[in-house]
Amino acid sequence: MSARHLLAIESSCDETSAAVIREDLEVLSNVVLSQDEVHAPFGGVVPELASRQHLKAITPVVRESLLTAGLPLAAMDFFAVTQGPGLIGSLLVGLSFAKGLAAYHDKPVLGIDHVQAHIESAFLGRSDLPFPVLALVVSGGHTSLFLMKKKLHYRVVGRTRDDAAGEALDKIAKFLDLGYPGGPVIQKLAENGNPARFPFALPRMSDRSLDFSFSGLKTAAIRHVRENGLDRNAAALPDFLASFESAVVRALLGNVVRAADSFRPRSLVLCGGVARNSRLRAAFEKTAGERGLPFALPSPKLCTDNAAMIGALAWEKIKAKKGKIPFSRDLDAYPRSPR
Ligand code: KG4
Ligand code: ZN
């Protein structure tokens, strides 16, 4: 029997993406069209503009992914699409498109959770990670810690109570008029800065929870900016940004360490857009090394939103169902993670 193929679509926020994945998880194409330029003048994603851009981009992006894979639509055995969480108008574009394709070709369509798919991006090419896995998903919309006893088994053990880490980076960059998205801009400007120059106290949760909070760090950063008269041209800017970036990294990894102490996982995963950050990657590798734990860190392209991660999780679900594939096209978008 020839190998089966799946077309995956992701449109939850401001990237339109389509990927073709074979059932052995070989990624034949993973086309990502970013809307950064559209949202940059506003310093953040404008939901209405995002859905309009997805509408324009979805057909050419899907066509390009099929061309790159060298396969026609009719060769797809399954369709998979991000069902949530995300911006409702953006999600609906991908979801409606995928449902339409599936209906026309009379094939199953699977709704996939975006945050769980971020974790799956770490398993692509790393099928050897021992469970339980402790996974930190850190992006512009999410900052959550998951404990996975086994594949497809997700237990949230910590989540942000306010801003996501990437959102905090984006907002500070916006406040200083540095550009959008803020994470990569801050990384570049902070490269040669002294991370010890501006002290940032880390948030303390009153209970023993593993939740995150970034709004206090953001407020402290804005206070430093005002008190030190910093602006985008200040000589102290690299030191300030390195200090802020390093505080975000310490806050993230502090919870990873505490969660590892409580749950004794056998491996660690770091994923999501902020996992592109080199300071975070280096500190995460060091933490894993100190504990003697194997770890997975997706390549930068697989950290930010992409459809390959959606397709990879879809295949896991199909394989777990052992042939009993849900054939329902009755999928609704969900803007927030179900509790
Ligand atoms: O996963 P993603 O593409 O979208 C969401 O699901 O939110 O993540 C986007 C986030 C943005 O906040 C962006 O600033 C951040 O990832 N980001 C980074 C870097 N590259 C992207 N943050 C820090 N350093 C980077 N190099
Ligand atoms: Zn994401």
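The values are calculated or read from the model by the stated rules, or taken from the named source; none is laboratory data. Since we're looking at a predicted model, the values are computed, not measured. A quick note on method: Cβ atoms are made from the backbone with ideal geometry, for glycine too, and the neighbour counts reach across all protein chains shown. Heavy atoms of the whole protein, side chains included, go into the accessibility calculation; ligands, DNA and RNA do not. Shrake-Rupley method; radii C 1.70, N 1.55, O 1.52, S 1.80 Å.
Among the strands (runs of 3 or more DSSP E) lying completely within the stretch 1-59, list those that include at least 3 residues that are more than 14 Å from ligand 1 (Cβ to nearest atom) and over 23 Å from Y334 (Cβ atoms).
Counting at least 3 such residues, we get 15-22, 27-34.
Taking the stretch 256-287 on its own, how many of its residues are crowded, with 20+ Cβ neighbours inside 10 Å and not β-branched (V, I, T)?
Total satisfying the criteria: 13.
For the stretch 130-146, enumerate the residues that are buried (at least 21 other Cβ atoms within 10 Å of the Cβ) and away from ligand 2 (no atom under 16 Å from the Cβ).
Those that are buried (at least 21 other Cβ atoms within 10 Å of the Cβ) and away from ligand 2 (no atom under 16 Å from the Cβ): V133, L134.
Would you call A117 within 15 Å of ligand 2 (Cβ to nearest atom), under 14 Å from E245 (Cβ atoms) and either modelled with pLDDT of 95 or more or under 15 Å from the mean Cα position of the chain (by Cα) (or both)?
So A117 fails the test.
Do we find that S65 is buried (at least 24 other Cβ atoms within 10 Å of the Cβ), modelled with pLDDT of 95 or more, farther than 25 Å from R52 by Cβ and not acidic (D, E) in this structure?
Considered against the rule, which asks whether it is buried (at least 24 other Cβ atoms within 10 Å of the Cβ), modelled with pLDDT of 95 or more, farther than 25 Å from R52 by Cβ and not acidic (D, E), S65 comes out as no.
Out of everything in the stretch 165-177 that is among the aliphatic types (A, V, I, L, M) and farther than 14 Å from G216 by Cβ, what residue ends up being nearest to ligand 2 (Cβ to nearest atom)?
It comes out as L169.
Which ones in the stretch 118-148 are away from ligand 1 (no atom under 13 Å from the Cβ) and either among the polar types (S, T, N, Q) or touching a Lys or Arg at 6+ places or on another chain (Cβ under 7 Å) (or both)?
S127, P130, F131, P132, F146, L147
Considering the stretch 68-82 alone, what residues qualify as being surrounded by fewer than 17 Cβ atoms within 10 Å (Cβ to Cβ) and among the hydrophobic types (A, V, I, L, M, F, W, C)?
Once the filter is applied, which keeps residues that are surrounded by fewer than 17 Cβ atoms within 10 Å (Cβ to Cβ) and among the hydrophobic types (A, V, I, L, M, F, W, C), the stretch 68-82 yields L73, A74, A75.
Taking the residues in the stretch 260-312 that are within 16 Å of ligand 2 (Cβ to nearest atom) and assigned to a strand (DSSP E or B) as candidates, determine which candidate is farthest from V31 (Cα to Cα).
V269
Quick check on R155: is it away from ligand 2 (no atom under 16 Å from the Cβ), open to solvent by 30 Å² or more (accessible area, probe 1.4 Å) and without any contact (Cβ under 8 Å) to a residue 12 or more places away in the chain?
Yes; evaluated as a whole, the condition is true for this residue.
If you go through the stretch 98-115 one residue at a time, how many are in a helix (DSSP H, G or I), open to solvent by 10 Å² or more (accessible area, probe 1.4 Å) and in contact (Cβ under 8 Å) with a residue 60 or more places away in the chain?
Of the residues in the stretch 98-115, 3 are in a helix (DSSP H, G or I), open to solvent by 10 Å² or more (accessible area, probe 1.4 Å) and in contact (Cβ under 8 Å) with a residue 60 or more places away in the chain.
Taking the options G43, G94, name whichever one is under 30 Å from G158 (Cβ atoms), surrounded by 18 or more Cβ atoms within 10 Å (Cβ to Cβ), away from ligand 2 (no atom under 16 Å from the Cβ) and not aliphatic (A, V, I, L, M).
Of G43, G94, the one residue that is under 30 Å from G158 (Cβ atoms), surrounded by 18 or more Cβ atoms within 10 Å (Cβ to Cβ), away from ligand 2 (no atom under 16 Å from the Cβ) and not aliphatic (A, V, I, L, M) is G43.
If you check P184, P199, P238, which single one turns out to be within 16 Å of ligand 2 (Cβ to nearest atom) and open to solvent by 40 Å² or more (accessible area, probe 1.4 Å)?
P184
Could you check the stretch 14-38 and list, in sequence order, the residues that are in contact with an Asp or Glu (Cβ under 6 Å, 6 or more places away or on another chain) and buried (at least 18 other Cβ atoms within 10 Å of the Cβ)?
If the condition is that a residue be in contact with an Asp or Glu (Cβ under 6 Å, 6 or more places away or on another chain) and buried (at least 18 other Cβ atoms within 10 Å of the Cβ), then E15, S17, V31, V32, Q35 are the ones that fit.
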